[in-house]
């Protein structure tokens with residue numbers, strides 16, 4: 001019953017979006033579903049505030065929903081044009097016949113954090129220790145950390161005490177010193193860093209140790225192939241607008257102060273930590289480099305996560321990467 005109510009709420013929100021009229025006089029409509037507390041909401045606010053969408057002759061129709069699942073329902077139901085999701089999900093959908101495309105959005109990821117004064121220095125030190133994981137057993141970051149630990153002779157699921165939970169709960173328990181280490185989403189890791197926690201290892205280091213050559217953009221703008229093919233100019237202008245919004249957030253501290261109420265950092269140190277982590281994850285590598293590194297990590301994820309994580313996908317599909325006509 002609870003799941004039915006969740007699905008009903010999602011579909012109601014999507015229906016409202018579908019009925020909502022676009023801005024008067026707009027050239028091209030782009031229907032975007034974003035997570036209410038996510039970074040895409042920040043970027044969309046920046047784009048609107050600076051009129052980047054209007055200058056590009058685009059009309060953004062946005063709906064803010066509470067969960068990634070809701071965004072995926074909207075995209076698959078053809079009531080959203082663009083969402084942000086990870087390429088593992090895109091690979092899974094393409095393996096069952098979906099025609100989804102992916103363009104890098106962010107390489108910012110979490111970290112395995114330890115509290116102030118911790119004596120832990122390496123993954124090997126986690127033997128016999130307690131670890132809080134924000135997510136479940138097939139959380140992608142957790143699988144990669146486990147894989148690296150295994151290569152170093154440590155089975156974290158056997159040698160450590162693991163607790164899974166929602167990222168906010170795991171983060172709060174970390175503050176209460178209930179765990180020796182905690183792996184949680186990047187925004188919570190950033191806030192913990194502002195409180196004196198330090199990374200035992202961050203996910204960029206994990207990725208490189210597992211074969212990636214640089215920071216991998218696990219998250220991307222995701223849209224259906226038919227939407228892009230219907231009007232490549234619209235798709236490319238959308239990506240260009242979002243790139244401009246990212247550039248403003250990369251360069252302007254004043255912009256971060258303006259959007260602080262939306263970010264809801266809680267205090268200035270946390271806002272700065274979120275700002276710095278966000279900036280570090282702005283993609284800047286070639287699509288070829290992203291695809292090569294993503295393929296390397298996908299193989300690692302598949303080893304542990306298998307069909308539960310990737311569905312019928314058995315190889316990384318580099319054709320999922322969308323290449324704008326300007327080559328960016």
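Normalised by the empirical 2.2 N^0.38 Å for globular proteins, what value does the Cα Rg of the chain take?
1.00
Expressed in nm to one decimal, what extension gain is obtained for the pair residue 257 and residue 66 from 0.36 nm per residue of sequence separation less their Cα-Cα distance?
66.4 nm
Convex hull over the alpha-carbon atoms of the stretch 111-209: what's its volume per residue in Å³?
Residue-normalised Cα hull volume stands at 82 Å³.
Just the number, please: percent antiparallel of the DSSP beta bridges in the stretch 111-209, rounded to the nearest 5.
50
I need to check one value: relative contact order of the chain, counting alpha carbon pairs closer than 8 Å and at least 6 residues apart, in percent.
Relative contact order for the chain comes out at 24 percent.
Among 298-308, 273-283, how do they line up by average Cβ neighbours within 10 Å per residue, starting with the highest?
Top of the packing list down: 273-283, 298-308.
If the chain between residue 323 and residue 205 were fully stretched, how many nm would it gain, using 0.36 nm times the residue separation less the Cα-Cα distance?
Going from the current span to full extension adds 39.8 nm.
Give, in nm to one decimal, the length gained when the segment between residue 299 and residue 49 is fully stretched (0.36 nm per residue of separation minus the Cα-Cα distance).
Answer, rounded to one decimal: 85.9 nm.
Tell me, what is a quarter of the convex hull surface for the C-alpha atoms of the stretch 240-325, in nm² with one decimal?
For the stretch 240-325, the mean projected area of the Cα convex hull comes to 8.1 nm².
What is the distance in Å between the Cα centroid of the stretch 105-144 and that of the stretch 272-316?
17
Relative contact order, percent, of the stretch 145-259 when contacts are C-alpha pairs under 8 Å separated by at least 6 residues?
Relative CO of the stretch 145-259 lands at 13 percent.
According to a simple spin-label model (label point 7 Å from Cα along Cα-to-Cβ), what is the distance in nm between residue 28 and residue 173?
Rounded to a tenth, the inter-label distance reads 4.7 nm.
Rule-based calculations on the coordinates, nothing more; no lab input. Small disclaimer: the values here were computed from a predicted structure and weren't measured. Every residue, glycine among them, receives a Cβ derived from its backbone with ideal geometry; neighbour counts consider all protein chains shown.
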